[in-house]
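This report concerns only the one structure given below.
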Amino acid sequence: MIKRVTSQPQKQNKDPEDPLVQPIDKEQQIVIVNNITPPQQPEPELRTINLYGDITERKAADVIAALLYLENTSHVVLPDDLRMEATDPQVVARSISIMVSTHGGVASDMFSILDVMEMIKERTCDVETFGIGKVMSAGVPILAAGSIGHRKVGKNCRIMLHNVMAGTGGTILSMENELEEIRWIQERYIQTLASYTKLTPARLKKMLKSQNDVYISAEEAIKMGIADEII
């Protein structure tokens, strides 16, 4: 802050002919500079990752990099006034939040995100998930993979499940080989989603048997264990 104060000219009592004495015939300005800034509380760190759009290799790489960075900065020491015991410093692990809104994407990239989420939940902190807008296909297991009690879904969010979609070409032997891989992905998708929810593999297979897209409301997602709370 800079303040300017104008002073009135003062009379000189000394000899005006003295060369060392300069008479004041104009107003003087005294500039007061205050460089002392008041103490401020540190702004809370944003610990949210946006998974918005198709799940591609590039998107998965960005999400995983953000997960690992936020995991590395998760631990903080509680201030003295928040500690349970005044003598011992207490370290807490701050959670990580993921906002999910996607039509789906590549299964292998989905599994890479799920594996890193599991690693972080096991060794460091909770991972909160928020489903907004649309959570479909490969996005559903990511929403369901959040820490129990920390999975939330928007009341207007639409959730959709369907069978694995893929295409192949080439010789008969190569196509048979690719079909086996597609079956493995389909089975692994079902087993993974069942492990995070109240849905059994048998029920999931029955839901997907019609070959049609299965749309689920936010209320149904709570009942199925895909999420824990509606926001």
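Here the spin labels are modelled as points 7 Å beyond Cα on the Cα-Cβ line, and at residue 48 and residue 155 they lie 1.9 nm apart. Across the stretch 136-142, coupling constants 3J(HN,Hα) worked out from phi with the 6.51/-1.76/1.60 Karplus curve, θ = phi - 60°, read 10, 6, 5, x, 5, x, 5 Hz, and Gly and Pro carry x. Which of rounded, prolate, oblate describes the stretch 105-171, given a ≥ b ≥ c as roots of the alpha-carbon gyration tensor eigenvalues and a/c under 1.5 marking rounded, otherwise prolate only if a/b is larger than b/c? The shape class here is oblate. Label-to-label distance, residue 168 versus residue 217, with points set 7 angstrom from Cα along the beta-carbon direction: 4.0 nm. Pairs of Cα atoms under 8 Å, at least six residues apart: use those to get the relative contact order of the stretch 109-231, whole percent. This gives 30 percent for the stretch 109-231. With 27 Å as the limit, write out which pairs from 121/206; 152/198; 155/198; 134/206; 121/209; 59/121 have Cα-Cα distances beyond it, or answer none. Checking Cα-Cα distances, 121/206; 121/209 exceed 27 Å. The convex hull built on the alpha-carbon positions of the stretch 97-231 has an orientation-averaged projected area of 8.3 nm². Checking every one of the trypsin sites (Lys or Arg not before Pro) in the stretch 124-231 against DSSP loop status and a limit of 15 other Cβ atoms within 10 Å picks out 155, 198, 209. Panel order for 150, 103, 75, by other beta carbons found within 10 Å of each beta carbon, from fewest to most: 75, 103, 150. Size descriptors for the stretch 180-222, from the alpha-carbon set: Rg then Dmax equal 11.1, 35 Å.
Computed from the coordinates by the stated procedures, all read-outs in this text should not be read as laboratory data. Predicted model, so just to flag it, every value in this text is computed and none were measured. No Cβ is skipped: glycine too gets one built from the backbone with ideal geometry, and neighbour counts run over all protein chains shown.
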